[in-house]
Amino acid sequence: MDQYSLFDNRAVSGPLASRLRPQTLEEYVGQEHLLGSGKVLRKLIEGDAVSSMIFWGPPGVGKTTLARIIAGKTRARFIDFSAVTSGMKEIKEVMAGAEKSRLLGDRTILFVDEIHRFNKAQQDAFLPFVEKGSIVLIGATTENPSFEVNAALLSRCKVFVLHALGVNEMAALLKRALADPRGFGGQDISIADGQIGVIAGFANGDARTALSTLEMVLLNSPIEDERTVVTTEVIEQCLGKRSLLYDKNGEEHYNLISALHKSMRNSDVQAAIYWLARMLEAGEDPLYVARRIVRFASEDVGMADSQGLAVSVAAYQAAHYLGMPECNVHLAHAVTYLSLAPKSNALDAAYAAAKQDAYAMLAEPVPLHLRNAPTRLMKELDYGKGYRYAHDYDDKLTDMRCLPDSLTGREYYIPTGQGREAKVRERMSAIEDWKKHR
């Protein structure tokens, strides 16, 4: 029972993250690019010139806290609104109250957490009240607002990007929690700087996670002569497996697959394997990763090493048969092969160029000699007339033109000299030379 005595007088005070929520800009940790001396957001807050805005950043960086500080600084009525639990009815009720307050000369700051979860109609409901000044809207989102917030509403809001807290900032926050009376100030606690650094690193930029982890570590640490002693074993038990920051439907999903793709393209096998592990260990669908690898095989390697496509497809099949975690090594096999393979985007470029011509010339007729003639009428209309069957010739080649007349001479696929594509280039050159001499 002695183990819990440290927390007995705080059990009703809420979680550590809530108790330590900063009340002023001076207590706020991080976001120096916005809140440092002379920075734009600090000037707006201190000048009481805050307008509607959106805070975009990962979890636990202080979006809600910053909104509360703004409300206190501007002496406005603050309404905390969650997009997860609120619907159109609640929006209308809040807007009606804000309009009454405006007529009485009072400002209302409406903080909407996870604003990206509102649908278009719900977001549109804010527009007239933002325009009239009934509310100062502060939205918070972990998703890119360019994609998740209506253009009309977004155009009326200033977007501020909040960054994940660095390890040093996180360590400073934890040390403040140990010294602050709202945290564990006055308690006799033995914890090394290195142990604080481990907790700070584990939090992955999320202040809420860092404080919750510290609280859990202290709760489970042994007490010796009324002194709480933090041990490495307790920290390891409390941390367990790192919870990676990852939303399979959000922007980070696309950021990580982009990092994997670009690392393979740059032939950086070490980075490619790291980004692959980041995705798989965070719970990404291995078949999604496998599909992207198959695409890469032709988009970025192509004819320079056609075996890359076979390896990729085989990895996809292995992932389908086995699933995680067994298929991780098969996907790593394909990623490594493609990272080290010679690179060519000639196929991708060829299709893009042909696609452009195809769109521009959708009505371009197929040359008659390339058309099949299964009926007498088609034959009478010269379908198939002049077609030459390549297998009837010794070189298996003819000088018959296969592009429409308007595209004669157009080149789409231009092989590089990379890997096996050098042989492809030689073959194409030999075919062209043969045709010129005919």
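The values are calculated or read from the model by the stated rules, or taken from the named source; none is laboratory data. Quick caveat, the model's predicted, so the values are computed rather than measured. Positions of Cβ are backbone-derived with ideal geometry, glycine not excepted, and every protein chain shown enters the neighbour counts. Each accessible area value is taken on the protein alone, full model and side chains, heavy atoms only, with ligands, DNA and RNA left out. Shrake-Rupley method; radii C 1.70, N 1.55, O 1.52, S 1.80 Å.
What the table shows:
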| item | result |
| --- | --- |
| Heavy-atom accessible area ranking, 1.4 Å probe, most first, across Asp225, Asp305 | Asp225, Asp305 |
| Contact order normalised by residue count of the chain, Cα under 8 Å, 6+ apart, percent | 12 percent |
| Estimated dipole of the chain in Debye, rounded to 20 [Cβ of Lys and Arg +1, of Asp and Glu -1, Cα centre] | 1480 debye |
| Largest-first ordering by accessible area, 1.4 Å probe, given options Cys238, Cys402, Cys327 | Cys402, Cys238, Cys327 |
| Within the chain, helix-based [θ] at 222 nm, where runs of 4 or more DSSP H residues each add -39,500 (n - 2.57), nearest 500 | -14000 deg cm²/dmol |
| Percent carbon-and-sulfur accessible area, the chain, ignoring ligands, DNA and RNA, probe 1.4 Å | 52 percent |
| Only Lys, Arg (+1) and Asp, Glu (-1) charged, at Cβ; region 320-438 dipole about Cα centre in debye | 180 debye |
| Value in Å of the Kirkwood radius, where region 109-237 supplies the Cα pairs that are averaged | 17.5 Å |
| For region 265-318 versus region 15-93, the gap between their alpha-carbon centres in whole angstrom | 41 Å |
| Gaussian network model of the chain, springs between alpha carbon atoms under 10 Å - residue of Leu280, Leu381, Leu178 with greatest fluctuation | Leu381 |
| Accessible-area value, Tyr412, 1.4 Å probe, nucleic acids and ligands omitted, Å² | 50 Å² |
| Surface accessible to a 1.4 Å probe, per residue, for the residues of the chain, Å² | 55 Å² |
| With DNA, RNA and ligands ignored, accessible area of Trp275 (1.4 Å probe; Å², nearest 10) | 60 Å² |
| Largest to smallest accessible area among Glu169, Glu411 [probe 1.4 Å] | Glu411, Glu169 |
| Probe 1.4 Å - accessible area at Tyr383, Å² to nearest ten | 60 Å² |
| Pairs from Lys43/Lys158; Lys73/Lys100; Lys120/Lys262; Lys120/Lys158; Lys63/Lys175; Lys63/Lys100 whose Cα-Cα separation, in the structure shown, is over 25 Å | Lys120/Lys262; Lys63/Lys100 |
